[in-house]
Amino acid sequence: MAQEKDAAIASAHPLATAAGHEMLKRGGNAFDAAVAVAAVLAVVEPYASGLGGGGLWLLHRAADGHEVMVDARETAPAGVKREMYVDGSGKPVRGATTQGGTAAAIPGAPAALVHVSGNYGALSLAETLAPAIHHARHGFPVDERYARLAELRERYLQAHPEAAHIFLDERRAPRPGWRLRQAELAATLERLGKEGNRGFYAGDVAESLVAAVNRAGGVWQLSDLTGYRVVERAPLRFQYREAIITTVTLPSAGGIALAQCLQMLERFETVDPRSPRDAHLVVEALRRAFRDRAAYLGDADFSAVPVERLASRAYATQRAATIDPAAATRSEAPEREPAAAGSANTTHLSVVDAAGNRVAATLTINLLFGSGVVARGTGVLLNNEMDDFTVHADVPNSFRLRGGEANAIAPGKRPLSSMTPTFVEDSRGVLVVGAPGGSRIVSQVLLAVLDYIHAPAVDLAAIVLAPRYHHQWWPDRVEVEPDGFPAQWRAALEAKGHRVETGKRRWGNMQAVFKSKQTGLAQAASDPRGADVGSF
Ligand code: DON
């Protein structure tokens, strides 16, 4: 457990966390720290996030209580057509949303760094990007996790020569300790620091990105990049018992699901998410929230989505009334062979500073090593976020998520996300939390919030360590982490009619900080799963 101080940072990599602390030491605030952390993560976890990806940032400014979601989600390029992803009979075009140029959406990550730094930071962007530039240019010894994930994706990387050249050691997955050097990425970061958005979204970098994507089968135009904008949106805010929860809205489905689940669960007496009795209620709430996600959610800038109603207490009450405390409801969905669960990655950072400024940011290039496309001369590995769209009602994505017209592919549109950076505030203090894990982000954050609120004392390490279960309406099963739950627990759920399945490995890499209102002291906890090479 980290020492308690007046500020705390939790991230998936010690070099990133150190960069954040360095900014605080120099007089930067939580926003500067978060920018530095995010930029270093882009260098040291290239399989998870990066300049070629996107993310959702939740900010709280202590001076005036201003809270905002910075939506840096990727957008579909203007030239995109549904036929690129699905044929006339509704059959998906193999790999189109996950690999190569058609998989990559226009990155939002660089614009988020510029935006958060410029509008909320106290230091210059060049200063906050300096640690990332240093690690990219001089290299850093890769850890076991990197080695394991590169090994897992060795063939994938070999199929993409630019990526293989950077991320593999003589075309093979490196051993831990191998030095990953990314001189071109360092130069791109440097340009971003000096020129702001123009350093990435225009000029040589932009031209190289367009050329690389189109060589790999994509349809990007320079105007897709010059036209990219982050969007500031009002976060979703609601009350659960005594706590105020602040979380993300569309284009993430995560915050809406969190609001739905917690408000449904509030209709029941105590909720101990670890007891089989209440795990049943949590699963039933998730089932309902994920059903609504599939039915209604997508980029609200493109079609009307009744977010207010879906996230309302009245609707939750109505939905909770359909939960039978004694028996599982059935999820009815058209059966079709589900896609194999994708090997996935993403990253989360949580920061709170001495003044009480907070940042929760979840950042991603989607699946491990994204689309595999690296633009020559830039060091930028592009995302495969197009897979978060629904290509056809019958075709689930890599997280086995289904969806409808609201999340159909369209030019300029943002794909629906599960990322759920969240603040929980009660009389004890403030919890800042989030995690990677695709659709399982939602259940992780839900369990973390419930664990926090229902435990008599705050035990951050226990919150990030606690075993996880998940339900997403379809497939209709409760997925549990291996070794997480005793046979009796499972039997109790099965007795209520649930299908309980053990996942192959544990999931998530939760990053949480807590700042006490009583003492002003802050602590950080990183999920030990992050160091566990068997989970991703
Ligand atoms: O935005 C989303 O929901 C996904 N692109 C996130 C992917 C992810 O979390 C993979 N992590 N394990």
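Separation of the stretch 1-73 and the stretch 99-173, taken as the distance between their Cα centroids, equals 16 angstrom. With one equal scatterer per alpha carbon and no solvent term, the Debye-computed log10 I(q)/I(0) for the stretch 238-327 at 0.13, 0.15, 0.16 1/Å reads -0.41, -0.54, -0.61. Only helices enter the 222 nm calculation for the chain: every DSSP H run of n ≥ 4 contributes -39,500 (n - 2.57), and dividing by all residues gives -10000 deg cm²/dmol, rounded to 500.
I need the per residue convex hull volume for the stretch 178-224, using only the alpha carbons, in cubic angstrom as a whole number.
Working: hull volume 3.9 nm³, N = 47.
Expressed per residue, the convex hull around the Cα atoms of the stretch 178-224 is 82 Å³.
Evaluating kT/(6 pi eta Rh) at 20 °C and 1.002 mPa s, with the Kirkwood radius of the stretch 75-134 over Cα pairs in the Stokes-Einstein relation, gives 148 µm² s⁻¹.
Going Cα to Cα from Lys504, which aspartates and glutamates come in below 16 Å? Please leave out same-chain ones fewer than 8 positions away. Straight-distance partners of Lys504: Glu479, Glu481, Asp483, Asp532.
How big is the stretch 154-288 by the Kirkwood estimate over distinct Cα pairs, in Å?
Over the stretch 154-288, the inverse of the mean reciprocal pair distance is 19.9 Å.
Given DSSP loops and a limit of at most 14 other Cβ atoms within 10 Å, what is the longest stretch of the chain that contains no such GluC sites (Glu not before Pro)?
Free of exposed loop sites, the longest segment is 336-536.
Sparse packing (at most 15 other Cβ atoms within 10 Å of the Cβ) combined with a DSSP loop state is found for the following trypsin sites (Lys or Arg not before Pro) in the stretch 485-536: Arg499, Lys504, Arg505, Lys517.
Toward the positive end of the charge dipole of the chain, with +1 on the Cβ of Lys and Arg and -1 on the Cβ of Asp and Glu, the farthest Cα among Gly530, Ala96, His134 is that of Ala96. A straight Cα-to-Cα reach below 19 Å connects Lys91 with the lysines Lys81, residues fewer than 8 places away in its own chain not being considered.
With +1 on each Lys and Arg Cβ and -1 on each Asp and Glu Cβ, and nothing else charged, work out how big the dipole of the stretch 385-536 is about its Cα centre, in Debye to the nearest 20. Present the calculation step by step, with values, prior to reporting the outcome.
Values: 17 positive and 17 negative charges, 18 e Å.
Dipole magnitude for the stretch 385-536 comes out near 80 debye.
Once divided by 2.2 N^0.38 Å, the Cα radius of gyration of the stretch 69-169 becomes 1.44.
Projecting the Cα atoms of Ala186, Leu381, Leu262 onto the charge dipole of the chain, computed from C-beta unit charges around the Cα centre, puts Leu381 farthest toward the positive end.
Remark: C-alpha extents of the stretch 356-489 on the principal axes read 50, 40, 28 Å, sorted largest to smallest. Taking the Cα atoms of the stretch 31-91, the ratio Rg/Rh between the radius of gyration and the Kirkwood radius comes to 1.18.
What you get for the chain, charging only the Cβ of Lys and Arg (+1) and of Asp and Glu (-1), is a dipole of about 440 debye around the Cα centre. Run down the aspartates and glutamates and flag those whose C-alpha is under 13 Å from the C-alpha of Lys5, throwing out any fewer than 8 positions away in its chain. Lys5 reaches Asp353.
Counting only Cα atoms, the stretch 125-220 measures 37, 36, 17 Å along its principal axes, largest extent leading.
Along its first, second and third principal axes, ordered by size, the chain spans 61, 61, 44 Å in Cα coordinates.
Here, each number is a calculation from the coordinates, and none is a lab measurement. From a predicted model like this one, the values you see are computed outputs, not experimental measurements. No Cβ is skipped: glycine too gets one built from the backbone with ideal geometry, and neighbour counts run over all protein chains shown.
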